[in-house]
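To start, the structure under review is shown below, and the notes come after it.
Rule-based calculations on the coordinates, nothing more; no lab input. Being a predicted model, the structure only gives us computed values, none of them experimental. Neighbour counts run over all protein chains shown; Cβ positions are idealised from the backbone, glycine included.
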Amino acid sequence: MINWADYPNFTKAEFDCKETGKNEMQKRFVDVLQAIRTEFGKPMAISSGYRDQSHPAERNKSTPGAHTYGCAADVAVSGGDAQHLMYLAYKHGIRRIGVSQKGSGRFLHFDMAEHHGFPSPALWSY
Ligand SMILES: [Zn+2]
């Protein structure tokens with residue numbers, strides 16, 4: 001279980017599944033995210049954290065994605081901040097990175113799903 005009071009810059013609510021309200025985030029992932037946030041030194045808006053398998057972004061996938069394991073987050077960020085954040089994520093050991101940097105709603109996806117058999121390193125765009 002996560003003790004959300006351990007994280008000065010994050011709240012449980014911002015990682016709750018937007019479909020079900022469930023939250024099964026993994027401590028080892030949020031620990032890394034907090035380390036990234038501390039070094040970044042600026043707000044990191046979490047646009048998606050935990051997702052139940054019934055979440056619209058997950059329910060049509062053939063196999064559950066990283067967000068359903070509680071070891072993934074999407075961060076709303078763009079431009080130079082996005083480049084800096086990607087560098088910091090890599091520095092802190094994140095080896096699975098998704099990039100959405102076109103149009104509106106730009107974000108970076110970070111996950112540690114290599115612990116669940118997902119390929120690593122991995123880099124993709126949306
Ligand atoms: Zn994601």
Note on PHE40: of the conditions (1) closer than 16 Å to ILE97 by Cβ; (2) within 14 Å of the chain's Cα centre (by Cα), unmet is (2)
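Please state which one of GLY80, GLY41, GLY93 is surrounded by fewer than 17 Cβ atoms within 10 Å (Cβ to Cβ), away from the ligand (no atom under 15 Å from the Cβ) and within 16 Å of GLN26 (Cβ to Cβ).
Numbers: GLY80 fails: within 16 Å of GLN26 (Cβ to Cβ); GLY41 fails: within 16 Å of GLN26 (Cβ to Cβ).
None of the others qualify; the one that does is GLY93.
For region 59-66, state whether one or more residues are buried (at least 21 other Cβ atoms within 10 Å of the Cβ), more than 17 Å from TYR126 (Cβ to Cβ), within 15 Å of the ligand (Cβ to nearest atom) and not β-branched (Val, Ile, Thr).
Taking region 59-66 as the starting set, the residues that turn out to be buried (at least 21 other Cβ atoms within 10 Å of the Cβ) are 66.
With the extra rule that they be more than 17 Å from TYR126 (Cβ to Cβ), the set shrinks to none.
No, the conditions are met nowhere in region 59-66.
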Of (1) out of contact with any helix residue (DSSP H, G or I) (no Cβ under 9 Å at 6 or more places or on another chain); (2) surrounded by fewer than 17 Cβ atoms within 10 Å (Cβ to Cβ), ALA35 fails just (1)
Given the conditions (1) farther than 22 Å from MET1 by Cβ; (2) away from the ligand (no atom under 12 Å from the Cβ); (3) touching a Phe, Trp or Tyr at 6+ places or on another chain (Cβ under 6 Å); (4) of a type outside the set (Val, Ile, Thr), every one holds for GLN34 apart from (1)
